[in-house]
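Asker: My questions all concern the structure below.
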């Protein structure tokens with residue numbers, strides 16, 4: 001008798017978990033299709049690997065974020081945005097241990113197989129064209145890095161293009177200009 005009750009309870013729990021999984025997958029699919037930002041019930045959990053936002057957000061912590069429209073961003077908000085680098089070899093922006101010392105001579109910066117060992121920051125230019133995709137470069141040659149920093153200034157230029165200025169709370173310098181198409185999420189909760 002107890003075995004039957006246990007088996008029924010086990011089956012009900014299994015069925016419940018299947019329903020929850022299906023609902024979460026549907027939510028994920030709908031938000032990905034409608035906003036191009038994959039979330040579950042409108043929320044996204046993000047890992048913060050650096051201390052650039054200390055003491056507000058600690059290194060190696062998790063935050064809960066929600067998609068945000070660029071027009072809803074305000075000064076003081078903690079926002080995630082995408083910064084794009086052009087990859088010229090297999091080095092990533094955070095992999096400093098294998099980078100050779102820099103020289104102004106391009107020939108001295110080449111590796112043994114004659115590839116230039118560097119990454120060019122494409123979002124560091126102060127013009128709107130820098131955020132539009134470069135069709136001459138394969139998507140595989142780009143590295144997208146998610147940055148989580150605070151908005152310190154929002155301004156419009158002469159062409160009515162909105163430009164955001166970000167800065168990590170624990171950093172001395174501001175980030176390069178960020179444009180509307182780079183904005184992703186607003187941090188809703190952090191520990």
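The values are calculated or read from the model by the stated rules, or taken from the named source; none is laboratory data. Treat the numbers as computed from the prediction; the structure is a model and nothing was measured. Neighbour counts run over all protein chains shown; Cβ positions are idealised from the backbone, glycine included.
Asker: (1) in a loop (DSSP other than H, G, I, E, B); (2) under 18 Å from residue 183 (Cβ atoms); (3) modelled with pLDDT under 80: which one isn't true of residue 31, the others all being true?
Answerer: (1)
This table checks each residue for (1) outside any strand (DSSP E or B); (2) modelled with pLDDT under 90; (3) surrounded by fewer than 18 Cβ atoms within 10 Å (Cβ to Cβ).
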position: 136; (1), (2), (3): yes, yes, yes
position: 140; (1), (2), (3): yes, yes, yes
position: 144; (1), (2), (3): no, yes, yes
position: 151; (1), (2), (3): no, no, no
position: 164; (1), (2), (3): no, no, no
position: 169; (1), (2), (3): yes, no, yes
position: 175; (1), (2), (3): yes, no, no
position: 181; (1), (2), (3): yes, no, yes
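Asker: Here's another thing I want to ask about it. Out of all the residues in the range 50-73, which are exposed (fewer than 11 other Cβ atoms within 10 Å of the Cβ) and part of a loop (DSSP other than H, G, I, E, B)?
Answerer: Those that are exposed (fewer than 11 other Cβ atoms within 10 Å of the Cβ) and part of a loop (DSSP other than H, G, I, E, B): 55, 60, 69.
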